[in-house]
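Q: Before we start, here is the structure in question, set down as structure tokens.
The values are calculated or read from the model by the stated rules, or taken from the named source; none is laboratory data. Keep in mind that this is a model prediction, so the values were computed, not measured. Virtual Cβ from ideal backbone geometry, glycine too; neighbours counted across all protein chains shown.
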């Protein structure tokens with residue numbers, strides 16, 4: 001017999017399901033990757049004909065968000081049992097049931113189809129390489145099961161963004177884009193080292209592999225510092241390679257200062273400000289460098 005409560009409590013409305021899925025894939029964290037894809041796209045446009053091609057820029061955005069959404073959904077699906085045993089991640093949507101595995105897979109498949117479709121609309125080379133871009137997105141969540149360096153796999157996955165964005169505009173390979181892609185990959189791999197420090201106890205208990213779990217928090221933080229020094233060096237190389245002007249160099253100084261601040265607030269004995277270092281500072285780095293790069297390109301003659 002159905003009670004009043006049974007009548008009220010039913011399947012969540014579709015809008016709630018969509019919101020839960022967006023929380024699952026942390027859609028707002030696109031801010032980490034999109035600015036660098038835009039830097040690559042706009043620099044390629046500047047070198048091509050100094051005009052912003054808004055249609056292609058929109059397709060780049062759809063590609064980036066689509067692939068990242070697929071990657072996050074696949075990560076959450078593959079890791080759901082590990083997440084359930086980690087107090088920090090036990091509230092994630094697939095663990096609590098706010099999102100079903102079926103719904104997560106549906107969202108992931110839709111996202112990857114959108115990614116591939118957008119790549120097809122850009123140019124033949126993007127379409128040919130697009131399936132390859134999907135591979136590290138699936139390998140990464142498994143990485144923590146077979147290597148102490150899953151952060152490197154994440155870095156490789158993230159390096160694809162600027163390279164693909166440049167290809168989307170020109171249809172041709174660019175070593176300048178590779179420099180920027182490596183900078184982004186090493187940057188994100190570095191701050192993933194910081195992020196993984198908060199899970200050392202749970203990872204060791206579950207046999208999950210990572211640099212901090214294997215070598216300790218201090219080693220991970222030193223590794224992150226080294227990664228961000230290399231990132232800064234690669235961004236300097238990129239600036240020289242693309243003949244960047246004053247505003248881009250200003251952006252690099254801001255990035256270097258942000259890195260210094262990030263590493264000053266997280267220490268092996270004090271991880272209390274880790275989330276500020278991970279989310280706030282790294283989000284700021286991407287946006288600040290993009291704004292400076294855009295100003296630089298506009299001053300040098302990029303036409304809106």
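Q: From 236, 255, 304, grab the single residue that is at pLDDT 95 or above and surrounded by fewer than 20 Cβ atoms within 10 Å (Cβ to Cβ).
A: Numbers: 255 fails: surrounded by fewer than 20 Cβ atoms within 10 Å (Cβ to Cβ); 304 fails: at pLDDT 95 or above.
Every option except 236 fails the conditions.
Q: Moving on to the next point. Identify, by number, the condition in (1) over 20 Å from residue 281 (Cα atoms); (2) buried (at least 23 other Cβ atoms within 10 Å of the Cβ) that residue 194 doesn't meet.
A: Among (1) over 20 Å from residue 281 (Cα atoms); (2) buried (at least 23 other Cβ atoms within 10 Å of the Cβ), the lone unmet condition for residue 194 is (1).
Q: What do you reckon, is residue 247 under 25 Å from residue 28 (Cα atoms) and assigned to a helix (DSSP H, G or I)? Break it down into steps so the answer makes sense when it comes.
A: Working: under 25 Å from residue 28 (Cα atoms): no; assigned to a helix (DSSP H, G or I): yes.
So residue 247 does not fit the description; no.
Q: Right, next: Would it be correct to say that residue 261 is part of a helix (DSSP H, G or I) and without any contact (Cβ under 8 Å) to a residue 60 or more places away in the chain? Walk me through how you get there before you give the answer.
A: Working: part of a helix (DSSP H, G or I): yes; without any contact (Cβ under 8 Å) to a residue 60 or more places away in the chain: yes.
Criteria met by residue 261.
Q: Taking residue 122 as the residue in question, decide whether it is touching a residue at least 12 places away in the same chain (Cβ under 8 Å) and closer than 20 Å to residue 27 by Cα.
A: Working: touching a residue at least 12 places away in the same chain (Cβ under 8 Å): yes; closer than 20 Å to residue 27 by Cα: no.
Considered against the rule, which asks whether it is touching a residue at least 12 places away in the same chain (Cβ under 8 Å) and closer than 20 Å to residue 27 by Cα, residue 122 comes out as no.
Q: For residue 284, which of the numbered conditions (1) farther than 20 Å from residue 52 by Cα; (2) surrounded by fewer than 16 Cβ atoms within 10 Å (Cβ to Cβ) fails to hold?
A: Residue 284 satisfies every listed condition except (2).
Q: So, one more: Looking only at region 229-245, how many residues end up being in contact with a helix residue (DSSP H, G or I) (Cβ under 7 Å, 6 or more places away or on another chain) and either in contact (Cβ under 8 Å) with a residue 24 or more places away in the chain or on the phi > 0 side of the Ramachandran plot (or both)? Please lay out each step first, then the result.
A: Applying the first criterion (in contact with a helix residue (DSSP H, G or I) (Cβ under 7 Å, 6 or more places away or on another chain)) to region 229-245 yields 230-232, 234-239, 241-242, 244-245.
The next check asks that each one be either in contact (Cβ under 8 Å) with a residue 24 or more places away in the chain or on the phi > 0 side of the Ramachandran plot (or both); those that pass are 230-232, 234-235, 237-238, 241-242, 244-245.
Selection size over region 229-245: 11.
Q: Of the residues that make up region 132-144, is at least one over 30 Å from residue 88 (Cβ atoms) and surrounded by fewer than 16 Cβ atoms within 10 Å (Cβ to Cβ)? Write out each step before concluding.
A: Let us first name the residues in region 132-144 that are over 30 Å from residue 88 (Cβ atoms), namely 132.
Still in the running and surrounded by fewer than 16 Cβ atoms within 10 Å (Cβ to Cβ): 132.
Yes, there is a match, as at least one residue in region 132-144 is over 30 Å from residue 88 (Cβ atoms) and surrounded by fewer than 16 Cβ atoms within 10 Å (Cβ to Cβ).
Q: Oh, and also: Return a yes/no flag: does region 146-162 have any residue that is buried (at least 16 other Cβ atoms within 10 Å of the Cβ) and free of Cβ contacts under 8 Å to residues at least 24 places away in the same chain.
A: Yes: one or more hits.
Q: Now for a separate question. Does residue 133 qualify as being without any contact (Cβ under 8 Å) to a residue 60 or more places away in the chain and more than 22 Å from residue 197 (Cα to Cα)? Even if it seems obvious, please write down each step before you answer.
A: Values: without any contact (Cβ under 8 Å) to a residue 60 or more places away in the chain: no; more than 22 Å from residue 197 (Cα to Cα): yes.
Judged against the criteria, residue 133 is not a match.
Q: Of the conditions (1) in contact with a strand residue (DSSP E or B) (Cβ under 9 Å, 6 or more places away or on another chain); (2) modelled with pLDDT under 95, residue 263 clears all except one; give me its number.
A: In the conditions (1) in contact with a strand residue (DSSP E or B) (Cβ under 9 Å, 6 or more places away or on another chain); (2) modelled with pLDDT under 95, residue 263 misses (1) alone.
Q: Look through 202, 168 and report the one residue that is at negative phi, crowded, with 24+ Cβ neighbours inside 10 Å and not in a loop (DSSP other than H, G, I, E, B). Full working, then the answer.
A: On the way: 202 fails: crowded, with 24+ Cβ neighbours inside 10 Å.
After ruling out the rest, the residue left standing is 168.
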